[in-house]
Every structure is written in structure tokens, then in C-alpha cells.
Amino acid sequence: MNNNWNEADAVRQVAAIHSYVVASLSAALLEWVWQGHEYVRSALPHRLDIAPVAQSPEPAPARWRIQAGTQFLDQPRAPLAVIRLTWTAGELDWESLLSSAWLIAHEFVCHAQRLLPRDGSPRTPSGRDCPFYGGWMEEVAYALFCTRVAGASYIGPDAMPPVPHGVVVAASDEGPEADDRLWVGAHLGEMARVAVDFRRDRYGTGMDGRRHLFAQQWELGAHAVRLLWRFLASCTSYEVVEKRNRAALAQLVSLSFRIQSATRSPDELRRVVNGCLLAGQTALSFMKNPDKARFLQLLTQPIPDIAVWSYKLEALCRTFPV
């Protein structure tokens, strides 16, 4: 707990956290998803709304006093998302403030950067029980948060929660904005620690102990991602574990957005998650080299038709005892 912190500074500090997190994640997506696409110069447009609300009649019962959500304001072929953070005035504590870094990362990667359907129609919110956006993309967002925001020196599907190394944020000028960048950099380690606690509470494995109604669905997507990450890492030629995991993460992030682009319905996303769960486990346990090569090709090539892609994925598993 920071006893010198003043909640009156929270709006400015959340805005500074947002600026730092989004800049770091946008650079990762441009490098790992859009590299080679000359027409893509920046992330999909979004804006941040910070809205402390009036004092509630009852004190907030939850450990985390800040909430986040994303609203789509798309027009045909003109995407716009709003990431909204709210808390009750007078009830925001230091750790909840720090949790805004992870909340922004989650909303940015899982929702604000969701690709438009191929026909350019506006995006619609995903169901809270969606294993892809609630679990798969959550895991992708966390990996990006660890490696590109918090500066963890190692991250992988089997890694313990990361301990970020020292991060120095250079201020190119003087003034309040430079001070805010330095403030964010000085607290990245605490933000990474709080993110671990926040995720544990979300899945019901933290000290809160309450399991969310849809946690089981989210776990399916998260487990599928970890299986694919292990498989992709096993296919790289790097000897150093960190390099293998980072190369595999880049492929995994790219795959995740190709799946978004190719799918049109929640049912298609559920089929993808289930197929990847089965194929990933099969590849790591039973699959022989010719089929492994076919699986790797499916994971790293364009997806022109998601139904055909899913059928090929499922066909790889039909002769294995899983």
C-alpha cells in the first residue's frame, strides 16, 4: 500500500497508464500481426473514458474497486471502440489503481482490437461465456502484457508468474506528461504483481475464493492457447527456451487474429477452441511428424474458410486415442 497516494491523482494516473500500455501493445501487434501489411500503420481506433461515479450508498464488497468494459461504436467499415474505466469516488485503493494496467491491456487486446467481420459490418459484443474472447484472448493478452508492457525477462505456457526486471522509462521532455511516464515505469513491477492476483481472483483460485459463473468456459480457451503455445515452441529451432517461447508467442498472436478475421459466429469460435484443444493435446502426446507438419501449417498459414480449416484440424485427431 502506498500511504502517500492521493485518489485525486487517479484520473491523470490512469490516463498515463493507458498511454503506456496501449503504446507497448500496439507496437507488439504491428510487429507480430500486421508486419508486411503496408496499409496497417496503427492499431484500430479507440478512446478511453475514465468515469469516477458518485458515492454509492453501500461500500463496494469486491476486492477490486475499479471496473472496465468496452463498448463498440462502429459504423460500416469505420471501427471505434470505447474502453471505459469506472470506480466509486472515495473507494479507490492503491492496488485497484494499479490493476487498471492489466484491465486496460485485457480490454485493448481482447475487445478494442477485435477485427471487424470480413463484410465490414459493425462488431457486436462477445458473450461473457465465450471461451475464445473470455479465455483464449485473455491468455494472449496476459502474455503480451508480461512481455511487452511489464518487461518480464521470461514468459511461457508453463512459466510461473513473471518477475519483471527493472524497466527504465526515458522522459524525452520535461513537464507533467514526462513525470507521468516516469511514474508508470517506476510501478510496472507492482502492476505485474497485481495482474497476477487479479487473474487468480477472476478464475476463483485467489484468496477471494469465489469462482465466476463462466470460469470453466474461459479455462477451455486458456488451456487451448497453452497447448498450442507448447506445440509451436517445440517446432522452433532455437536452443534457448526464452527465444523458443517468444517466437511461438509471435505465431500464436498472429493465429489468434487470423481466427478472428475468419469467424462469423460464436458457434464457429467454440468449434475452433474445441478443435485446438483436441489437436494440441494430440500433437503433444501422440502425433507423428507428417501430421505434425500438417498441424503446424494449419496454425501458421492464412485461413480462407474457417469451416474447412476446422474440418482439417479435427481430421488430424480422428485416429488417435484421446
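The values are calculated or read from the model by the stated rules, or taken from the named source; none is laboratory data. Note that the structure is a prediction, hence the values are computed from the model and not measured. Because the Cβ atoms are built from the backbone with ideal geometry, glycine has one as well, and the counts that use them run over all protein chains shown.
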Take the conditions modelled with pLDDT under 95, out of contact with any helix residue (DSSP H, G or I) (no Cβ under 6 Å at 6 or more places or on another chain) and within 30 Å of THR300 (Cβ to Cβ) and apply them to GLU239. Does it pass?
yes
Based on this model, can you work out whether LEU255 counts as within 20 Å of the chain's Cα centre (by Cα) and either surrounded by 19 or more Cβ atoms within 10 Å (Cβ to Cβ) or assigned to a helix (DSSP H, G or I) (or both)?
yes
Residue among ALA233, ALA224, ALA293, ALA250 that is of a type in the set (A, V, I, L, M), modelled with pLDDT of 90 or more and surrounded by fewer than 13 Cβ atoms within 10 Å (Cβ to Cβ):
ALA293
Matching residues, the range 65-94, being in a strand (DSSP E or B), aliphatic (A, V, I, L, M) and free of Cβ contacts under 8 Å to residues at least 60 places away in the same chain
ILE66, ALA68, ALA78, ALA81, VAL82
Report the residue count in the range 282-322 for those that are touching a residue at least 12 places away in the same chain (Cβ under 8 Å), closer than 28 Å to TRP34 by Cα and hydrophobic (A, V, I, L, M, F, W, C).
10
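Go through PHE198, PHE231 for me and flag whichever is under 25 Å from HIS18 (Cβ atoms) and part of a helix (DSSP H, G or I).
PHE198
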Could you tell me whether the range 97-115 includes any residue that is closer than 22 Å to ALA62 by Cβ and in a strand (DSSP E or B)?
no
Of the conditions (1) at pLDDT 95 or above; (2) surrounded by 18 or more Cβ atoms within 10 Å (Cβ to Cβ), the single one that ALA262 does not satisfy is (1)
